[in-house]
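Trainee: Let me give you the structure first, and then I'll get to my questions.
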Amino acid sequence: MRVSRASLLSLIARAAAAGLAVLSGTFSAVRRPAEAEGGMMGGGMSGGGMMEMMAPANMHGPMRTGMELFERHALIRRTVTDLADGVHAVTESDDPKTAALIQGHLVEMYQRLDQNRPFPYPMSRSVPAMFANSSRYKRKLQMLPRGVAITETSDDSQMVAVIRAHAREISGFVREGMPAMMHGMMGG
């Protein structure tokens with residue numbers, strides 16, 4: 001199925017708005033139809049339009065870093081090795097800012113997992129499962145000069161499947177950027 005660029009941007013804008021509304025604890029951004037506010041791409045949503053609202057600078061926490069990484073996906077390389085009980089993944093970039101974003105994102109995600117502080121992440125099918133089962137697997141984060149190496153393992157075969165699904169999802173994000181995010185959000 002081929003989707004036009006305009007349709008894809010519109011879907012991204014609506015999905016991001018829904019995610020941001022949940023993150024901010026208010027649904028004011030999604031209550032009224034976009035047409036009544038000047039359309040999805042401009043005019044509405046407090047004057048700046050959806051595209052401005054989607055900009056990483058206007059997001060907070062993991063969503064902000066995630067969107068910045070989506071924008072930089074072509075600068076990232078990732079290898080995943082399946083282990084008998086999980087995965088070992090190395091995610092790096094030769095661009096210093098991108099490498100720092102990767103490191104910061106993983107540190108924040110692992111802290112949130114350890115503190116049981118999930119967040120709405122509409123572009124991922126696996127993140128909710130990782131948070132819901134955070135005590136069922138072990139995580140090891142190693143900082144590298146250009147990124148991170150992680151090892152995630154479990155004695156539970158069902159959790160190993162979740163860990164591997166998450167690794168595949170993240171690899172898709174790195175490989176494809178926004179189209180992979182939309183694929184995940186649309187349940188495809």
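Trainee: Mind listing the long-range amide H neighbours of Leu83? Cut-off is under 5 Å, sequence gap 5 or more, other chains count too, H placed in the peptide plane at 1.01 Å from N.
Mentor: For Leu83, the qualifying residues are His88.
Trainee: Now, a different point. Compute the FRET efficiency between Ala132 and Lys97 as 1/(1 + (r/R0)^6), taking r as their Cβ-Cβ distance and R0 = 25 Å, and round to the nearest 0.05. Before the final figure, lay out the partial values.
Mentor: Working: r = 32 Å, r/R0 = 1.29.
Computed FRET efficiency for Ala132 and Lys97: 0.20.
Trainee: If you don't mind, there's one more thing I want to ask. By count of other Cβ within 10 Å, fewest leading, how are Met159, Met143 ordered?
Mentor: In increasing order of surrounding Cβ atoms, one gets Met143, Met159.
Trainee: Nearest 0.05, what FRET efficiency do Ala161 and Ala74 give at R0 = 25 Å with Cβ-Cβ as r? Each step should come with its number before you reach the end.
Mentor: Values: r = 29 Å, r/R0 = 1.18.
Approximately 0.25, to the nearest 0.05.
Trainee: From a point 7 Å beyond the Cα of Asp82 in the direction of its Cβ, which residues of region 148-169 have a backbone N at a distance under 17 Å?
Mentor: 152-169
Every number in this text was worked out from the coordinates using simple rules, so none of it is lab data. Since the structure is predicted, the reported quantities are computational estimates derived from the model, not experimental observations. Neighbour counts run over all protein chains shown; Cβ positions are idealised from the backbone, glycine included.
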